Each structure stands twice: as C-alpha cells, then as structure tokens.
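Take a look at the structure set out below.
The values are calculated or read from the model by the stated rules, or taken from the named source; none is laboratory data. Here the structure is a predicted model, which is why all the values come from computation and not from measurement. Neighbour counts run over all protein chains shown; Cβ positions are idealised from the backbone, glycine included. Just so you know, the surface numbers come from the protein's heavy atoms only, side chains and all, with ligands and any DNA or RNA stripped out. Shrake-Rupley method; radii C 1.70, N 1.55, O 1.52, S 1.80 Å.
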Amino acid sequence: MAEKVPQTFANHTRWDPLFHFFLLPILALGLLMSLIHFFAHITHGDLWDHVHAFLLILLAAALLVAAFKIRLYALKVQDRVIRLEERLRLTQLLSGPLGSRFPGLTEAQLIALRFASDAEVAGLVDRALKEKLSRADIKKSIKTWRPDYWRV
C-alpha cells in the first residue's frame, strides 16, 4: 500500500471522484439536456409531449437536489461527530480558565481545531476565542498538522 502524502492546509480538501467527477456532472448534464429538450420542442408536439418534457426536468432537478442533500446530510453527521471528539479532546487537554471557556467556540472553530496538534491546541483555542478566528484562519495558523484522512 502506498504511503499517504502528509496532510497540510494546502492539500486537506477531500474530493470523492465518484461523487464530484461522475455523479454530479451526469446529473447536471441530465438537467441541462432536459431543459434543452423542453425548450427546443416547445413549439412542437401536443400537451402530453410538453407534460412529459416538464416531468423530465422535474425528475432531473429532483435527482440533483437529492444528491446534494444526501451528501450534505453525511457531512453534517460527520461534523457532529468531530465536534464531540474535539470537545472530549479539549476537556482532556485544557485546564484552568481556558478549560471552562472552550464551550464558547463555534462549530466551525471546533471542526478546524481537529487539525491542530495537542501541543498547540491550547494557544489556538485562546486565539480563536479572543480574536474570533474563522475556520480558515485557524487552519492557516496550525504549525504541526494533525491529519484527518477519514473525512468524506
């Protein structure tokens, strides 16, 4: 098995080839082709032809929306698990006043902190709370990247 490339801010985005480069383009193409078919034949045919063409548009749009919603549901569940993992991790790593303040982190901040090493997480939590750092700002501030190869 090939060694994994070390994960960094520059390469941490995950692409699912079957979803991003196969399913989505085919569904988008199906919607586009059904729209072209509908408008190309709007002056021809009878009512049933128009109803059929319109139903094809609805079906293509529904499939595209379903694909996005299914993907977003999976990502939302994963974000919930990451939040739980990070809360447990921060409970173990942070003590004193910072340990009682970390519940003030936003969901996006917690999710971004999963990439921070144990050694630098306290400083990043403090900065995130004081400076209201965004997800991208937190990720850019990480010096020792803790990879997450399981993200979908």
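The stretch 73-133: Rg/Rh from Cα coordinates, Kirkwood Rh?
On the way: Rg = 11.1 Å, Rh = 11.6 Å.
Here the Rg-to-Rh quotient is 0.96.
Determine how many Å³ per residue the convex hull of the Cα atoms of the stretch 1-93 encloses. Provide the component values of the computation, followed by the final result.
On the way: hull volume 14.1 nm³, N = 93.
In the stretch 1-93, the Cα hull volume divided by residue count equals 151 Å³.
Over the chain, what relative contact order in percent results from Cα pairs under 8 Å that are six or more residues apart? Don't skip to the end; give the middle numbers.
Values: 112 pairs, mean separation 40.4, N = 152.
Reported relative contact order: 27 percent.
Using packing as a proxy for protection, rank 115-127, 17-29, 37-49 so that the peptide with the highest average count of other Cβ atoms within 10 Å comes first. It would help to have the intermediate numbers written out before the result.
Values: 115-127: 17.2, 17-29: 12.5, 37-49: 10.5.
So the order, starting with the most tightly packed, is 115-127, 17-29, 37-49.
Can you list residues from other chains, or at least 5 along the same chain, whose modelled amide H is less than 5 Å from the amide H of A116?
Answer set, sorted by chain and number: R146.
With each run of n ≥ 4 DSSP H residues scored as -39500 (n - 2.57), what mean residue ellipticity at 222 nm is computed for the chain after dividing by its residue count and rounding to the nearest 500 deg cm²/dmol?
Rounded to the nearest 500, the figure is -21500 deg cm²/dmol.
Among the lysines, select those whose C-alpha is under 25 Å from the C-alpha of K139, and discard any that sit fewer than 8 residues away in the same chain.
K4, K76, K130
If we restrict to alpha carbons, what Rg and Dmax does the stretch 9-152 come to, in Å?
Reported Rg and Dmax, both Å: 22.8, 75.
Taking each full run of DSSP H in the chain as one helix, which ones are at least 18 Å long along their axis (Cα atoms) and have mean Kyte-Doolittle hydropathy of at least 1.0?
Values: long enough: 24-40 (24 Å, 2.17); 47-93 (67 Å, 0.79); 118-131 (20 Å, -0.10).
Correct list, ordered by number: 24-40.
Accessible area per residue, 1.4 Å probe, Å², for the chain: what's the number?
Result: 68 Å² per residue.
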